[in-house]
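Here's the structure, in structure tokens; my notes come after.
The numbers here are math on the coordinates, done by the rules we state, and not lab data. All of these numbers come straight from a predicted model, not from anything done at the bench. Cβ: placed from backbone, ideal geometry, glycine included. Neighbour counts: every protein chain shown.
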Amino acid sequence: MPKDRTKISKCLFPAAGYGTRFLPATKAIQKEMLPVLTKPLLQYGVEEAISAGIETMAIVTGRGKRAIEDHFDVSYELEHQIKGTSKEHYLTEIRSVITKCTFSYTRQIEMKGLGHAILCGETLIGDEPFAVILADDLCDNNADSVLAQMVKLYEKYRCSIVAVEEIPPQDSNKYGVVAGREEEDGVLRVTDMVEKPDPKDAPSNLAIIGRYILTPDIFDILRETKPGKGGEIQITDALLAQAKEGRVIAYKFEGRRFDCGSVDGFVEATNYFYNKNRV
Ligand code: G1P
């Protein structure tokens with residue numbers, strides 16, 4: 001049967017950042033490998049993608065950090081050591097992830113921003129719509145996961161989608177901020193978006209969080225996108241080109257999101273999952 005090119009079947013995980021805020025923990029491992037309780041952030045992200053019906057994980061990594069490749073692979077020595085012991089169950093979840101999906105990797109050679117990292121992923125994604133998860137935004141919902149909600153919405157709108165949430169106005173300089181016209185409850189057609197604006201320049205209090213669905217023409221746009229905020233190639237700027245043609249939706253997702261790129265958010269997530277798992 002030919003492949004359905006309209007279905008979201010791949011998820012891209014940019015994971016090449018320096019993780020400066022978590023040094024020295026991130027000296028030899030990616031920040032996406034930091035665990036909330038016993039599970040690395042990236043594994044939460046991969047499980048979210050699986051819950052959205054995605055089986056192909058495409059990961060953009062950086063130099064000198066190989067922990068991700070090893071994590072999503074079989075460790076024969078470890079398997080051998082704990083086989084048949086009372087500890088075997090500790091590997092159940094990761095084994096299940098490994099058997100459900102495939103992983104492919106590429107490296108971002110130069111750190112030129114999130115837009116550039118996504119463009120590096122083109123070789124793994126090809127010419128089809130795809131999801132992006134920034135694993136340091138950890139999301140949780142008791143019903144459908146945030147990405148599963150977005151994949152459903154894509155069936156209806158067939159254009160790029162960004163997940164958004166309301167933020168305190170003074171935090172606008174930490175996020176991409178969008179403005180738009182309401183299409184239906186919780187769904188906006190984006191008319192403007194700005195990367196990390198000063199509060200006085202923010203077009204609204206709706207911030208993009210690290211979940212995207214992108215149509216593949218984004219790659220051509222990214223190739224032409226000039227460095228923006230911070231001298232980096234920004235996905236927000238590339239999305240603005242699509243938004244000007246009415247091809248971007250902002251979605252106020254159901255669920256909770258933790259900014260695990262900050263120590264405060266990380267501790268909050270740890271406490272949340274600890275309390276949730278305890279009951
Ligand atoms: C990136 C994006 C930004 C978005 C944020 C979500 O910023 O550039 O638009 O709001 O992720 O976490 P970063 O957190 O990488 O600085």
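Restricting the search to helices (runs of 4 or more DSSP H) fully inside the stretch 1-84 and requiring at least 1 residues that are of a type in the set (Phe, Trp, Tyr) and within 16 Å of the ligand (Cβ to nearest atom) gives 41-51. Summed over the stretch 218-252, the residues that are of a type in the set (Val, Ile, Thr) and touching a strand residue (DSSP E or B) at 6+ places or on another chain (Cβ under 6 Å) give a count of 3. Exactly one residue among GLY210, GLY246, GLY180 is in contact (Cβ under 8 Å) with a residue 40 or more places away in the chain and farther than 18 Å from PRO129 by Cβ, and that residue is GLY180.
For the stretch 187-227, a residue qualifies if it is away from the ligand (no atom under 13 Å from the Cβ), out of contact with any Gly (no Cβ under 9 Å at 6 or more places or on another chain) and of a type in the set (Lys, Arg), and the qualifying residues are LYS200, ARG223, LYS226. Scanning the stretch 244-279 for residues that are out of contact with any Phe, Trp or Tyr (no Cβ under 7 Å at 6 or more places or on another chain), more than 21 Å from GLY180 (Cβ to Cβ) and charged (D, E, K, R) yields a total of 5. When the test is whether a residue is of a type in the set (A, V, I, L, M), surrounded by fewer than 19 Cβ atoms within 10 Å (Cβ to Cβ) and more than 20 Å from CYS120 (Cα to Cα), VAL187 passes it. Only residues that are buried (at least 23 other Cβ atoms within 10 Å of the Cβ) and either more than 15 Å from the ligand (Cβ to nearest atom) or free of Cβ contacts under 8 Å to residues at least 12 places away in the same chain (or both) were counted in the stretch 130-148, giving 2.
Looking at the structure I just gave you, is GLU77 touching a residue at least 60 places away in the same chain (Cβ under 8 Å) and over 23 Å from GLY246 (Cβ atoms)?
Details: touching a residue at least 60 places away in the same chain (Cβ under 8 Å): no; over 23 Å from GLY246 (Cβ atoms): yes.
No; evaluated as a whole, the condition is false for this residue.
For ASP127, the criteria (1) touching a residue at least 60 places away in the same chain (Cβ under 8 Å); (2) farther than 13 Å from GLN43 by Cα; (3) surrounded by 12 or more Cβ atoms within 10 Å (Cβ to Cβ) hold in every case but one, which is (3). Quick check, is ASN173 on the phi < 0 side of the Ramachandran plot, more than 16 Å from the ligand (Cβ to nearest atom) and not acidic (Asp, Glu)? Criteria not met by ASN173.
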